[in-house]
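One structure below.
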Amino acid sequence: MPQTEGILDVWYGFVGANPHLVATFAGADGAPDPHYLAAVRQRFGQWIDDVCNRTYDQTWLAYQEEIGRRHHPTGKNTTDGVTSTATYIPLRHLTALIVPITMTIRGFLTNSEASAEEVDAMYHAWFKAVTLSVVLWSRPYNDELW
């Protein structure tokens, strides 16, 4: 997506402004680990592209499972080999992020040549895709329910 870096700037600004969120990127010294933040940012950008362009097939579904695992105690910090003070991302943080991840996208959608009706349709599709992603990412937290 051509606006991915701008979107990530907004989202990282939101995360950085909330100590309980940025703490999940803290290294052993308690300060945010810049290498960890950069690696996650790259994957977050890939997720944006995947939401917009990938076929929602078995490969996509398996990757959503991996994303969920990376937030859960079974996989947090292992992908990047970091020693973060946070051993997992609380599920409530993932579900609460549906709102800012959705609300902040409309301005980027209106930067295209799309009509107001098309922007509205894309916005609603985005909301559904974000919600679906978070539902799938929650599976490791609720293994007994699946």
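Give the range 87-146 a look and list any residue that's β-branched (Val, Ile, Thr), surrounded by 16 or more Cβ atoms within 10 Å (Cβ to Cβ) and closer than 30 Å to Ala28 by Cα, or say none.
Ile89, Ile101, Val134, listed by residue number.
Restricting to the range 39-59, name every residue that is in a helix (DSSP H, G or I) and of a type in the set (Ser, Thr, Tyr).
Within the range 39-59, Thr59 is the sole residue that qualifies.
Given the conditions (1) closer than 24 Å to Leu132 by Cβ; (2) of a type in the set (Phe, Trp, Tyr); (3) more than 13 Å from the chain's Cα centre (by Cα), which single one is not true for Tyr12?
So Tyr12 meets the others, but not (3).
Is at least one residue of the range 29-51 surrounded by 15 or more Cβ atoms within 10 Å (Cβ to Cβ), free of Cβ contacts under 8 Å to residues at least 60 places away in the same chain and on the phi > 0 side of the Ramachandran plot?
Looking through the range 29-51, none of the residues is surrounded by 15 or more Cβ atoms within 10 Å (Cβ to Cβ), free of Cβ contacts under 8 Å to residues at least 60 places away in the same chain and on the phi > 0 side of the Ramachandran plot.
Looking only at the range 59-72, filter to residues that are free of Cβ contacts under 8 Å to residues at least 60 places away in the same chain and within 17 Å of the chain's Cα centre (by Cα); which one of those is surrounded by the most Cβ atoms within 10 Å (Cβ to Cβ)?
Arg70
Hey, Arg54 hits all of (1) without any contact (Cβ under 8 Å) to a residue 40 or more places away in the chain; (2) surrounded by 17 or more Cβ atoms within 10 Å (Cβ to Cβ) but one; which does it fall short on?
(2) is the only condition that Arg54 fails.
Name the single residue that is surrounded by the most Cβ atoms within 10 Å (Cβ to Cβ) among those in the range 5-28 being aliphatic (A, V, I, L, M) and in a helix (DSSP H, G or I).
Among those that are aliphatic (A, V, I, L, M) and in a helix (DSSP H, G or I), it is Val15.
Of everything in the range 105-143, what is within 13 Å of the chain's Cα centre (by Cα) and among the hydroxyl-bearing types (Ser, Thr, Tyr)? Give them in sequence order.
Once the filter is applied, which keeps residues that are within 13 Å of the chain's Cα centre (by Cα) and among the hydroxyl-bearing types (Ser, Thr, Tyr), the range 105-143 yields Thr131, Ser133, Ser138.
Only residues that are in contact with a helix residue (DSSP H, G or I) (Cβ under 8 Å, 6 or more places away or on another chain), closer than 17 Å to Thr131 by Cα and either of a type in the set (S, T, N, Q) or assigned to a helix (DSSP H, G or I) (or both): list them for the range 70-97, please.
Within the range 70-97, His71, Leu91, His93, Leu94, Thr95 qualify.
Pick out the one residue from Gly68, Gly16, Gly45, Gly6 that is at pLDDT 95 or above, of a type in the set (Gly, Ala, Ser) and closer than 23 Å to Thr95 by Cβ.
Gly45
Can you confirm whether Ser84 is within 20 Å of Cys52 (Cβ to Cβ), modelled with pLDDT under 90 and either in contact with an Asp or Glu (Cβ under 9 Å, 6 or more places away or on another chain) or of a type in the set (Gly, Ala, Ser) (or both)?
No, not satisfied.
Do you know which of the residues in the range 119-144 that are of a type in the set (Gly, Ala, Ser) and farther than 17 Å from Phe44 by Cβ is modelled with the lowest pLDDT?
Going through the qualifying residues, I end up with Ser138.
The values are calculated or read from the model by the stated rules, or taken from the named source; none is laboratory data. What you are looking at is a predicted structure, and each value in this text was computed from that prediction instead of being measured. Note: ideal-geometry Cβ built from the backbone for every residue, glycine included; neighbour counts use all protein chains shown.
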